Amino acid sequence: MRIDLEGVGHVYGRGTPFAVEALKDVSLGVEPGEVLGVIGGTGSGKSTLVQHLNLLLVPTSGRVLVDGEDAVSLKRSELRRRVGLVFQSPEQALFAPTVEEDVAFAPRRLGLGEEEVKGRVREALGLLGAGHLAARSPFALSGGEKRRVAIAGVLAMGPEVLVLDEPTAGLDPHARSDLIGLVGRLKASGMTVVLVSHDLDEVAEVAERVCLLEGGSVRSVGLPADVFYGESSLAPATVRVVAALGGAFPEVGRPVCYRETLAALGRVMGARP
Amino acid sequence: MTFARGVGRFYPVDSPLHALDPRAKVVATAVFVVGLFFVDSIAGFLAAGAVTAGLVAASRVPPGAFLGLLRPVLFIVALTFLFQVFFTRDGTTLFAWGFLQVHEGGLRLGVLLAARILILVSAAGLLTATTAPVALADGMEDLLSPLKRLRFPAHEVAMMMTIALRFIPTLGEEAEKISRAQAARGADFDGGGLVRRARSLVPLLVPLTVGAFRRADELAEAMESRGYRGGVGRVRYRELRFRARDAAALLLTVLAVAGAALL
């Protein structure tokens, strides 16, 4: 399935004195079968953005299109099954007495038969290498194990798109590389994955396209090499120079790439880069 | 789902009421609320209502936001009013239709009780809207401190109040977050009958409780690691100062409520 955000904006607490504009005019496509990385500083709108993909948040402006159809007109429960969203620290939402039952929650809500539910639970736990935890209490697990169980709880719905919001935050390097390996395997099986992360290395490793958010807007989107080359080679000072240039040279615009920066600097200095 | 939004919320603006000493505001509110029970005439309630309205205006809290605070009690007010109007058989009959009778005394009592509840809630709301939670707790601690001689743990009670107030929005946010995470797994908190609805809350309440205990543990550890060991020998970052204007505000409140009671 294909998801397109068209000029999506989101204001929290609209009409109150506590209103916050978290997203501004975001247009972004999630292509079927791709791994899309979403990066950006804290408060840049990453988590708000991904909650629009399954309409947990309804845009206050703009539209979300699923295969060209306005997502608001689709059945909400069906959309949430097809777009599986794993929140930040998803282990905080574990609640059942055993791991097995917790993972079974979503497929049961789908009204599947008991055999089918069992099969899905086994499969999802297996994918995350957590099959041996099935009979344990989720509250007695380690942080990394809880995380894997929580992700299995979403995978058990059989989503077409899996959205992972900072799945590796707070995990040890081993668990981290395991998870990134999982993303690779899911992609190979044809699943679309949206990976939100602070860790640029892991995004560079698995993402085919990267979207960089800043202050609730898309600052740059494209191949990881382009986005990272432009951004990571820009020292903070250079970013400020470029931002200043933006005023004088609207044509510099966005996305900001290293080449463009040099070209713009050259124009300002009256010399060729 | 929206949790505890607006009710009793501190409204951070600059106003003469915000600047008053919290102790003065707590005592004035208490005097006003108790005094309201001695008011028993329409004129008295008009006066008390006018004073409250004037104070709301002086607090610079937008009237719309302030009325939002009254919304939850409107149902109780309406219920009280209707009960008094229809079930008090006192004075001349104004209206009769079958078993429904409205007497003059009932109407009067209904209006007075409704006015009392509305003004009472407004006064309490005014206190929380114009006093930051921390200042409120500091004020309460000072007011309760004479009881320390009777071994009443004034500081600890105030600290518990501060922490409780501080964590209401945090818990609300967490509840919102968890309910969204469960909604992403197909949970539905609104559908079905009472039993089903109660059951559907399990995936929300269990993680919320677990999280609250975890948070309490973490907070206790953080406080201990920073050397907290109760109120003994503890000084404050912000000292409260009772100024002339605080005394004046208190005096005016006493006069206003005494006047309203005599009317």
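The figures follow:
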item	result
Helical mean residue ellipticity (222 nm; -39500 (n - 2.57) per DSSP H run of 4+; nearest 500) of the protein assembly as shown	-17500 deg cm²/dmol
Alpha carbon Rg of the protein assembly as shown, scaled by the compact-globule rule 2.2 N^0.38 Å	1.24
Global form of region B:150-216, assessed from the alpha-carbon gyration tensor, a/c cut-off 1.5	prolate
Under 5 Å, built H, 5+ apart or other chain: amide partners of A:Ala22	A:His10, A:Val11, A:Tyr12
Karplus-derived HN-Hα couplings along region B:231-238 (A = 6.51, B = -1.76, C = 1.60, θ = phi - 60°), whole Hz, x at Gly and Pro	x, 5, x, 8, 10, 9, 6, 10
Cβ-based charge dipole, region B:133-232, positive-most Cα from B:Leu136, B:Phe167, B:Phe189	B:Phe189
Enclosed volume per residue, in Å³, of the convex hull spanned by Cα atoms of chain B	200 Å³
Neighbour-count ranking [beta-carbon atoms within 10 angstrom, fewest first] of B:Tyr11, A:Tyr12	A:Tyr12, B:Tyr11
Residue order, fewest to most beta carbons within 10 Å, for A:Glu34, B:Glu141	A:Glu34, B:Glu141
Percent RCO, i.e. relative contact order, over region A:3-232, from Cα pairs under 8 Å lying at least 6 residues apart	28 percent
Amide proton proximity set for A:Val218, modelled H, under 5 Å, gap of 5+	A:Ser27
Peptide-level mean, for B:172-185, of C-beta atoms on other protein chains within 10 Å	6
Placed amide H near A:Val35: partners under 5 Å, 5+ positions off or other chain	A:Val193, A:Glu208, A:Arg209
Distance between region B:119-152 and region B:19-84 - C-alpha centres, whole angstrom	17 Å
Karplus-derived 3J(HN,Hα), 6.51/-1.76/1.60, for each residue of region A:173-180, Hz, glycine and proline x	x, 5, 4, 4, 5, 4, 5, 5
Debye log10 I(q)/I(0) for region A:3-232, one point scatterer per Cα, at q = 0.13, 0.15, 0.16, 0.17 Å⁻¹	-0.77, -1.02, -1.14, -1.26
Among the listed pairs A:Lys75/A:Lys146; A:Lys24/A:Lys46; A:Lys46/A:Lys187; A:Lys46/B:Lys177; A:Lys24/A:Lys187, those beyond 23 Å (Cα-Cα)	A:Lys75/A:Lys146; A:Lys24/A:Lys187
For peptides A:42-54, B:227-239, sequence by mean Cβ density within 10 Å, most packed first	A:42-54, B:227-239
For A:84-92, mean number of other protein chain Cβ atoms within 10 Å	4
Euclidean distance of C-alpha centroids, region A:24-54 and region A:121-185, integer Å	21 Å
Which of B:Glu156, A:Glu202 has the fewest Cβ neighbours within 10 Å, and the rest in rising order	B:Glu156, A:Glu202
The protein assembly as shown - share of DSSP beta bridges that are antiparallel (%, nearest 5)	60 percent
Under the Karplus curve 6.51 cos²θ - 1.76 cosθ + 1.60, θ = phi - 60°, whole-Hz ³J(HN,Hα) for region B:88-94, x wherever Gly or Pro sits	9, 9, 8, x, 6, 7, 9
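Bear in mind these aren't lab numbers, they're just calculated from the coordinates by the rules spelled out. It should be emphasised that the depicted structure is a prediction, and the values quoted were computed from it without experimental measurement. When we count neighbours, we look across all protein chains shown, and the Cβ atoms used for this are built from the backbone with ideal geometry, even at glycine.
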